[in-house]
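The values are calculated or read from the model by the stated rules, or taken from the named source; none is laboratory data. Since the model is a prediction, treat every value here as computed from it, not as a measurement. For neighbour counting, all protein chains shown are included, and Cβ atoms are generated from backbone atoms with ideal geometry for every residue, glycine included.
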Amino acid sequence: MSRRILILLVLLAGCSGGTPPAGPASQAAQGTAISFDQATGVITVNPAINSKRKIGYGFPLGSVTVETLGHKEGELLFEYTHEVEGGYTVYLCRVPVSGPLVTIRLPKGGDTEPVTSFDMKDCKFVREGNVLLE
């Protein structure tokens, strides 16, 4: 199996899985590091929980992946990956552990930009690429 096909299969598998919804996003995230509410299309990250966890979900034209890396100096570090039609960008983001829940609302219809509760300007660019060309 070629590397491109393998990468695409891994990406697709990661986008279709995840934890089942446990009610409203704010309630589901209280005791878990990351949750996803299928009814609203919202990924919620609880910055107070120090864990390493990764989830990804797809939307009509792409996907979003969030990987928590743990606490460092009073902040939760996480990687945020946004992919549209194979092209992806990875950012390293930091939020205070005492801050509010982080939310990422997946786009609907023909939209491609998720709505985040954190300012993307505060995140650091890590890398970009295209899963179809790697």
Quiz item: Out of region 28-51, which residues are farther than 28 Å from G110 by Cβ and either in a strand (DSSP E or B) or at pLDDT 95 or above (or both)?
Solution: N46, P47, A48, I49, N50
Practice problem: Name the residue, out of V95, V64, that is in contact with a His (Cβ under 9 Å, 6 or more places away or on another chain), modelled with pLDDT of 95 or more, crowded, with 16+ Cβ neighbours inside 10 Å and among the aliphatic types (A, V, I, L, M). | Solution: V64
Quiz item: Which of the residues belonging to region 82-108 are assigned to a loop (DSSP other than H, G, I, E, B) and of a type in the set (V, I, T)?
Solution: V97
Quiz item: Can you tell me which residues in region 91-134 are small (G, A, S) and more than 19 Å from D37 (Cα to Cα)?
Solution: S98, G99, G110, G129
